[in-house]
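In what follows, a structure is listed as structure tokens, so that the remarks can point back to it.
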Amino acid sequence: MMRNFGGMPNMQQLMKQAQKMQKQMEQAQAELETKELTATAGGGMVEVVISGKKEIKSIKIDPEVVDADDVESLEDLVLVAVNEAIRQADELSQKEMGKLTGGLPTGGLF
């Protein structure tokens, strides 16, 4: 017979809570995969669509920004848009996972 010493929950209760939280996190991660975010650079000249799981879905480049004599500017615009898309995906992930963990870091727990 397990006793509940000092008001601490027993191991069975802790395991049930951990399993429930793991299931909720798996559901949240699956939902993140279905969400898409869009980031732009250069006033919309470059557009990047990314999933909530940081998978780049598409990159669109306005033909007006393509200049053989200035490839570096196009590279910079793509870089800015991709980095913004990743930042948005990170923010969405933190927001969604924070709902489950109360804002505590989850690195390596599940």
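The values are calculated or read from the model by the stated rules, or taken from the named source; none is laboratory data. Note that the structure is a prediction, hence the values are computed from the model and not measured. Every residue, glycine as well, gets a Cβ built from its backbone with ideal geometry; the counts of neighbours run over all protein chains shown. Heads up: the accessible areas ignore ligands, DNA and RNA and are worked out on the full protein's heavy atoms, side chains in. Shrake-Rupley method; radii C 1.70, N 1.55, O 1.52, S 1.80 Å.
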### Query
If you take the beta carbon distance between residue 69 and residue 40 as r and set R0 to 25 Å, what does 1/(1 + (r/R0)^6) give as a FRET efficiency, to the nearest 0.05?
0.60
### Positive dipole terminus of the stretch 23-73, leading residue within 73, 28, 46 (C-beta point charges)
28
### Query
Separation between the residue 96 and residue 29 pseudo-spin-labels, each 7 Å from Cα along Cα→Cβ, expressed in nm?
1.2 nm
### Hits among aspartates and glutamates - C-alpha to C-alpha of residue 53 under 18 Å, sequence gap 8 or more where chains match
26, 31, 33, 36, 84, 90, 91, 96
#### Entry: Förster-model FRET efficiency, 25 Å R0, residue 54 and residue 76, C-beta, rounded to 0.05
0.75
### Message
Could you derive backbone 3J(HN,Hα) for the stretch 26-31 from the dihedral phi with the Karplus parameters 6.51, -1.76 and 1.60 (θ = phi - 60°), listing whole Hz in sequence and x where the residue is Gly or Pro?
### Response
4, 5, 5, 5, 5, 5
## Note on the structure
The ³J(HN,Hα) series, computed from each phi in the stretch 92-97 with the Karplus coefficients 6.51, -1.76 and 1.60 at θ = phi - 60°, rounded to the nearest Hz and given as x for glycine or proline, is 5, 4, 4, 5, 5, 6
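Listed here are the pairs 23/54; 54/99; 60/99; which of them are more than 31 Å apart at the Cα? It would help to have the intermediate numbers written out before the result.
Working: 23/54 21 Å; 54/99 19 Å; 60/99 33 Å.
In this structure, 60/99 exceed 31 Å between Cα atoms.
Heavy atoms only, probe 1.4 angstrom, no DNA, RNA or ligands counted: give me 57, 20 ranked by accessible area, highest first. Working shown, then result.
On the way: 57 95, 20 125 Å².
The ranking, largest first, comes out as 20, 57.
For residue 62 and residue 87 in the same chain, what is the full-extension length gain: residue separation times 0.36 nm, less their Cα-Cα distance, in nm? Write out the running numbers ahead of the final one.
Numbers: separation 25, 0.36 × 25 = 9.00 nm, distance 2.25 nm.
Gain on stretching residue 62 to residue 87: 6.8 nm.
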